1. Identify, please: which residue in segment 12-26 is closer than 16 Å to Leu136 by Cα and within 17 Å of the chain's Cα centre (by Cα) and is, among those, nearest to ligand 2 (Cβ to nearest atom)?
2. Could you list all residues from segment 1-46 that are farther than 20 Å from Glu116 by Cα, in contact with a Leu (Cβ under 7 Å, 6 or more places away or on another chain) and touching a residue at least 60 places away in the same chain (Cβ under 8 Å)?
3. Considering Ser4, Ser12, Ser29, Ser35, which residue is within 16 Å of ligand 1 (Cβ to nearest atom) and of a type in the set (Ser, Thr, Tyr)?
4. Here are the criteria: (1) more than 27 Å from Arg141 (Cβ to Cβ); (2) touching an Asp or Glu at 6+ places or on another chain (Cβ under 7 Å). Tell me which single one Ser94 does not satisfy.
5. Would you check which residues across segment 34-55 are among the acidic types (Asp, Glu) and touching a Gly at 6+ places or on another chain (Cβ under 9 Å) and list them?
6. Name every residue in segment 20-40 that is closer than 12 Å to Lys111 by Cα and in a helix (DSSP H, G or I), in order of residue number.
7. From the residues in segment 133-153 that are under 21 Å from Phe25 (Cβ atoms), in contact with a Lys or Arg (Cβ under 7 Å, 6 or more places away or on another chain) and within 16 Å of ligand 2 (Cβ to nearest atom), which one is most open to solvent (accessible area, probe 1.4 Å)?
8. Just need a number here: residues in segment 56-70 that are touching a Gly at 6+ places or on another chain (Cβ under 9 Å) and either near ligand 1 (Cβ under 8 Å from one of its atoms) or open to solvent by 10 Å² or more (accessible area, probe 1.4 Å) (or both).
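The values are calculated or read from the model by the stated rules, or taken from the named source; none is laboratory data. This is a predicted model, so every value here is computed, not measured. All Cβ positions, even for glycine, are placed from backbone atoms using ideal geometry, and neighbour counts span all protein chains on display. Note: areas computed on protein heavy atoms with side chains; ligands, DNA, RNA excluded. Shrake-Rupley method; radii C 1.70, N 1.55, O 1.52, S 1.80 Å.
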Amino acid sequence: SSCSPLVLEDESATIRLGSLLAGAFCGLSRKIAESGFNLRLDGTLGAGKTTLTRAMLRALGITGRVKSPTFTLVETYDAPLFTVHHFDFYRFESPEEFDDAGFRDLFGPGKLTVCEWSEKALPFLPAPDLTIFLSLFKDGRKARLEPCGEAGEAAAREVCR
Ligand code: ADP
Ligand code: MG
């Protein structure tokens, strides 16, 4: 089950969604410690994927600079409860680069992974627990959550209630 699309009327609504996600992930910290959690952010350039991730990291207690991993491919943050790897595969010329870079090792117990442009890393990318589809809607954005499995459902419930 998932919830109906959320309307994010301006940037502050995107930031609020990031905070809600952070709260959900704190509640899932034991699950993340045991098996990790994979979040995919889907949507065109400018849809708000990085804005959402930045807000989530802030709410998780990351106070330093949060830059887009467009050029570095991955940025890593040590949040109090788990490690966050924020990926952006936009610049991949082939999905094999995911394997070549050893990124598979950054997924699993103790890791919250956030992936932008996941389609560029398929089929090597580990399965998502939750996918958020962001799209342009009027002057704002829309977010549709698609959970996969128990932890994803729990996170989506927390955000949509
Ligand atoms: P992406 O990572 O998806 O390419 P960014 O987060 O880098 O997108 O950029 C999104 C842009 O859209 C930013 O300028 C941000 O201020 C703006 N933005 C984010 N959320 C909203 C919203 N709900 N309504 C209007 N503008 C938004
Ligand atoms: Mg981005």
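1. Narrowing segment 12-26 to residues closer than 16 Å to Leu136 by Cα: 12-15, 17.
Filter once more, keeping what is within 17 Å of the chain's Cα centre (by Cα): 13-15, 17.
Values: Ala13: 18, Thr14: 12, Ile15: 15, Leu17: 15 Å.
Filtering segment 12-26 for residues that are closer than 16 Å to Leu136 by Cα and within 17 Å of the chain's Cα centre (by Cα), the one nearest to ligand 2 (Cβ to nearest atom) comes out as Thr14.
2. Across segment 1-46, the qualifying residues are Ser2, Cys3.
3. Matching residue, one of Ser4, Ser12, Ser29, Ser35: Ser12.
4. The single condition Ser94 does not satisfy is (2).
5. Step one: list which residues in segment 34-55 are among the acidic types (Asp, Glu), which gives 34, 42.
Across segment 34-55, the qualifying residue is only Glu34.
6. Residues of segment 20-40 closer than 12 Å to Lys111 by Cα: 25, 28-39.
Phe25, Ser29, Arg30, Lys31, Ile32, Ala33, Glu34, Ser35 - these are the residues of segment 20-40 that are closer than 12 Å to Lys111 by Cα and in a helix (DSSP H, G or I).
7. Phe133
8. The initial filter retains those residues of segment 56-70 that are touching a Gly at 6+ places or on another chain (Cβ under 9 Å), namely 56-59.
Narrowing further to those that are either near ligand 1 (Cβ under 8 Å from one of its atoms) or open to solvent by 10 Å² or more (accessible area, probe 1.4 Å) (or both): 58-59.
The number of residues fulfilling the criteria is 2.
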